[in-house]
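Worksheet: the structure to be examined is printed underneath.
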Amino acid sequence: MHILATGGTIAGSAPSPVDPGYDAGVLGFTALVDAVPGLRSVAALTGEQFSEVGSQDMSDQLWLKLAARVNGLFSADEADGIVITHGTDTAEETGFFLHLVVKSQRPVVLTGSMRPATALSADGPLNLFNAVSVAADPRAGGRGAIIAINDDLHSARDVTKSSTTDVQTFVSPDAGLVGTASYGRLRYFRYPTRPHTADSEFTVEGEVVLPRVDILYAHANMPADLVRASASLGARGIVIAGVGNGNVSSEVAQTLADVASDGVIVVRSSRVGSGDVGRNIEMDDDGLGLVASDQLNPQKSRVLLQLCLVRGLDRGLIQDAFYRY
Ligand code: GLU
């Protein structure tokens, strides 16, 4: 069992146990593990400090490096399972990226916390205890990347952060939980039905650069020139966090069609937070040359679109990918 510590609130330190302000990612791997009584008896642990960032500073480069490290540990048979401690802000994106590019059936489990390690009722130690229990459990294999937090096990594909401050922040709105964890006692409810990890077509081996994909947030009176700005700054893809069922104003729609005809891939997702975005519902995707995100929120749509572009898929195959993954 190998732990990759990346930073986040779980490694955060505050001036006092009740101070809401804190520095994320300052405690190292050893301090994290030592704060959890009995952790070393759950599994034989190895680990390393992979990075020390609040997850708002996660980057394409860190994702590629993380995927290479996870794949390397598994292919060298140096870990039966891997736990990644991570900030909660972007854990869903890192998790979905790994869900698509890790080439192993072995458990990959992300965890974090909402309260820093120094806080009253810090939630990190139990989350780490449960995450290590999951990663050490062969029954967790074949489910893709899992986010283990606040006694819940979520598929990285389906989970999203829903509250800025609540300890119960992670939800899987359309799909539900993969399982639960109670002081290391684990229950499983389902396997993700869409392809992932070893069954995914996406790889990031070798010299991969993830292309620029921007997310534009739609709203009443959204200025259409943001779309042109994004395209002219080099975005190869644009994800729209649309209103409702991935909608935008007529003016923005026409601008999206213009950049799409220049080769930018435009994916319509939704800012709503749950539900599907279907093709040709209120927007004429066929006529405008757009892709519907199906079930992925904007930040996960961005991940999938980046990987589709690395693979060189055209618009039709990218639409297929959104329906399949
Ligand atoms: N912004 C920090 C991060 O994502 C804090 C959020 C957290 O970890 O809960 O790393």
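The values are calculated or read from the model by the stated rules, or taken from the named source; none is laboratory data. From a predicted model like this one, the values you see are computed outputs, not experimental measurements. With ideal geometry, Cβ positions are generated from the backbone for all residues, glycine too; neighbour counts draw on all protein chains shown. Please note that ligands, DNA and RNA were not included when accessible areas were found on the heavy atoms of the full protein model with its side chains. Shrake-Rupley method; radii C 1.70, N 1.55, O 1.52, S 1.80 Å.
Restricting the stretch 44-55 to residues that are among the hydrophobic types (A, V, I, L, M, F, W, C) and away from the ligand (no atom under 16 Å from the Cβ), which is surrounded by the most Cβ atoms within 10 Å (Cβ to Cβ)?
Only one residue fits best here, namely Leu45.
Among Val18, Val26, which is open to solvent by 40 Å² or more (accessible area, probe 1.4 Å) and within 12 Å of the ligand (Cβ to nearest atom)?
After applying the criteria, what remains is Val26.
Only one of Gly87, Gly142 is of a type in the set (Gly, Ala, Ser), open to solvent by 10 Å² or more (accessible area, probe 1.4 Å) and either more than 16 Å from the ligand (Cβ to nearest atom) or not in a helix (DSSP H, G or I) (or both). Can you tell me which?
Being of a type in the set (Gly, Ala, Ser), open to solvent by 10 Å² or more (accessible area, probe 1.4 Å) and either more than 16 Å from the ligand (Cβ to nearest atom) or not in a helix (DSSP H, G or I) (or both) holds for just one of Gly87, Gly142, which is Gly142.
Looking at (1) within 16 Å of the ligand (Cβ to nearest atom); (2) part of a helix (DSSP H, G or I); (3) small (Gly, Ala, Ser), which one does Ala68 not meet, given that it meets all the others?
(1)
Asp80 is checked against (1) assigned to a loop (DSSP other than H, G, I, E, B); (2) modelled with pLDDT under 95; (3) open to solvent by 70 Å² or more (accessible area, probe 1.4 Å) and fails just one. What number does that condition carry?
All conditions pass for Asp80, except number (2).
Give the residues of the stretch 203-261 that are assigned to a strand (DSSP E or B), β-branched (Val, Ile, Thr) and in contact (Cβ under 8 Å) with a residue 60 or more places away in the chain, sorted by residue number.
Residues satisfying the conditions are Val213, Ile215, Val239.
Hey, any hits in the stretch 111-127 for a residue that's within 15 Å of Met1 (Cβ to Cβ) and of a type outside the set (Val, Ile, Thr)?
no
Where residues in the stretch 212-264 are within 21 Å of Gly287 (Cα to Cα) and among the charged types (D, E, K, R), which of them is surrounded by the fewest Cβ atoms within 10 Å (Cβ to Cβ)?
Within the stretch 212-264, the match that is surrounded by the fewest Cβ atoms within 10 Å (Cβ to Cβ) is Asp262.
For the stretch 265-278, give me the residue count where each residue is surrounded by fewer than 20 Cβ atoms within 10 Å (Cβ to Cβ) and at negative phi.
The total comes to 5.
Inspect all residues belonging to the stretch 97-113 and state whether any of them is away from the ligand (no atom under 12 Å from the Cβ), open to solvent by 50 Å² or more (accessible area, probe 1.4 Å), touching a Lys or Arg at 6+ places or on another chain (Cβ under 8 Å) and modelled with pLDDT of 95 or more.
No, the stretch 97-113 contains no residue that is away from the ligand (no atom under 12 Å from the Cβ), open to solvent by 50 Å² or more (accessible area, probe 1.4 Å), touching a Lys or Arg at 6+ places or on another chain (Cβ under 8 Å) and modelled with pLDDT of 95 or more.
Within the stretch 1-12, which residues are away from the ligand (no atom under 12 Å from the Cβ) and not hydrophobic (A, V, I, L, M, F, W, C)?
His2
Go through the residues of the stretch 32-43 one by one and say whether even a single one is more than 16 Å from the ligand (Cβ to nearest atom), among the hydrophobic types (A, V, I, L, M, F, W, C), touching a strand residue (DSSP E or B) at 6+ places or on another chain (Cβ under 7 Å) and in a loop (DSSP other than H, G, I, E, B).
The answer is no; no qualifying residue exists.
Could you give me the residue pairs with C-beta distances under 8 Å whose first residue belongs to the stretch 173-202 and is modelled with pLDDT under 95, whose second residue is open to solvent by 20 Å² or more (accessible area, probe 1.4 Å) wherever it lies, and which are 6+ apart or on separate chains?
Note: pairs meeting the criteria are Asp174/Asp158; Asp174/Ser274; Asp174/Gly275; Asp174/Asp276; Asp174/Gln295.
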